[in-house]
Amino acid sequence: MVRFFKLQSFQSKAITLNILSIVFFSIMVIFIRKAAENLHILEVVFFRNLLAFVVMIPILKSTGLSAIKMNNTKLFFMRGFFGAIGMLAGFTCLTLIPLAQATAISFSKPIFITIGATIFLGEIIKARRIAAIIIGIIGMLIIVQPGVNTFSFGIILAIIAALAHSMNALIVKKLTLTDTPQAIITWMVIILIPITFIPAIPVWEWPSLETWLYLWGIGIVGTLAHFTWTKSYSMAEITSLEPVEFIKLPIMALFGWMIFSEIPGTWTWIGGLIIFISTIYISHRESKASNSLKPNDGAQEPKL
């Protein structure tokens with residue numbers, strides 16, 4: 001397996017790592033759902049960060065503390081704030097709505113990123129990208145079907161999670177100009193430990209042995225997911241990796257069916273595909289615009 005990976009081209013390695021990250025993230029979602037069966041979701045979020053930090057300690061020892069120096073403290077804490085909202089909303093929605101539906105809604109993040117970049121960063125978007133955003137929103141409405149189905153709290157949380165993660169991506173876009181990926185990942189976890197511990201106090205109970213296994217699984221697999229994801233985006237252009245993202249939907253649909261007996265509806269697939277196509281187009285236009293300004297640039301910074 002290692003020899004096969006070494007023989008791959010640079011681009012193929014990036015795609016392989018991206019697929020691995022998707023598999024790891026999907027497994028983490030299963031562990032989250034299983035842990036939440038016996039432990040309050042607020043505690044699950046806290047332990048996800050605490051145990052992820054424990055897993056990262058050996059890595060920090062090898063890289064040294066200089067690799068995680070903060071150069072923009074304000075942005076780090078803003079990232080922690082939106083990271084907490086995204087994680088709390090995202091984890092909770094996974095316990096309330098089908099996995100495939102939550103995954104399909106998560107495809108809307110690039111749409112929110114584009115809108116946020118226009119509002120907060122002053123970026124200019126043209127008619128084609130505006131049309132792609134509108135199409136993506138239509139795809140989300142197809143999944144949610146307001147007026148047909150009850151607009152559940154889980155769907156609201158899934159949208160909030162997508163919005164929060166989009167704000168996070170915009171912050172990371174600025175942080176990568178001044179700080180290392182190791183610092184961005186490590187301080188995210190460190191800042192989230194106390195933030196997520198406070199709301200967990202009123203519902204605190206010690207996990208059972210079985211739940212501890214799921215929690216450790218979340219910490220370990222989540223760290224592997226972030227590592228492979230970050231590495232893949234540092235090795236290739238975002239436009240070559242975005243098409244791979246859609247395999248999340250069939251993977252999560254398969255896991256949801258096999259483990260939780262969930263069968264995603266037809267509209268979830270249709271809406272997810274529409275959102276995905278619109279985000280691919282947005283990513284393509286952004287990459288094209290970036291390349292026209294910086295023709296000699298390499299791969300874009302990773303989205304953490």
Filter result for Leu224 (modelled with pLDDT under 90, farther than 26 Å from Ala100 by Cβ and within 22 Å of the chain's Cα centre (by Cα)): no
Residue count for segment 90-142, restricted to those that are at positive phi and modelled with pLDDT of 80 or more: 0
Hits in segment 91-124 (condition: buried (at least 23 other Cβ atoms within 10 Å of the Cβ) and small (Gly, Ala, Ser)): Ala100, Ala102, Ala104, Ser108
So, first residue of a type in the set (S, T, N, Q) in segment 187-213, second residue assigned to a loop (DSSP other than H, G, I, E, B), Cβ within less than 7 Å, six or more apart or across chains; the pairs are Ser208/Asn38; Thr211/Asn38; Thr211/Leu39
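Per-residue answers, yes or no, for (1) of a type in the set (Phe, Trp, Tyr); (2) closer than 30 Å to Ser261 by Cβ; (3) surrounded by fewer than 16 Cβ atoms within 10 Å (Cβ to Cβ); (4) modelled with pLDDT of 90 or more:
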position	(1), (2), (3), (4)
Leu7	no, no, yes, no
Lys13	no, no, no, no
Leu17	no, no, no, no
Ser21	no, yes, no, no
Ile27	no, yes, no, yes
Ile30	no, yes, no, yes
Ala36	no, yes, no, yes
Ile41	no, yes, no, yes
Using beta carbons and a limit of 7 Å, which pairs, at least six apart or on different chains, have the first residue in segment 251-273 and assigned to a helix (DSSP H, G or I) and the second one surrounded by fewer than 16 Cβ atoms within 10 Å (Cβ to Cβ)? Trp257/Ile263; Trp267/Gln145
For Thr196, are the conditions met, namely being of a type outside the set (A, V, I, L, M, F, W, C) and either touching an Asp or Glu at 6+ places or on another chain (Cβ under 6 Å) or surrounded by fewer than 22 Cβ atoms within 10 Å (Cβ to Cβ) (or both)? no
Does Tyr281 satisfy the condition of being touching a helix residue (DSSP H, G or I) at 6+ places or on another chain (Cβ under 6 Å), at pLDDT 85 or above and aromatic (Phe, Trp, Tyr)? no
Based on what the data block shows, is Ile85 modelled with pLDDT of 90 or more and farther than 12 Å from Ile218 by Cβ? yes
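The values are calculated or read from the model by the stated rules, or taken from the named source; none is laboratory data. What you see is a predicted model, and the numbers here were worked out from it, not measured in a lab. Cβ sites come from the backbone with ideal geometry, for glycine too, and all protein chains shown count toward neighbours.
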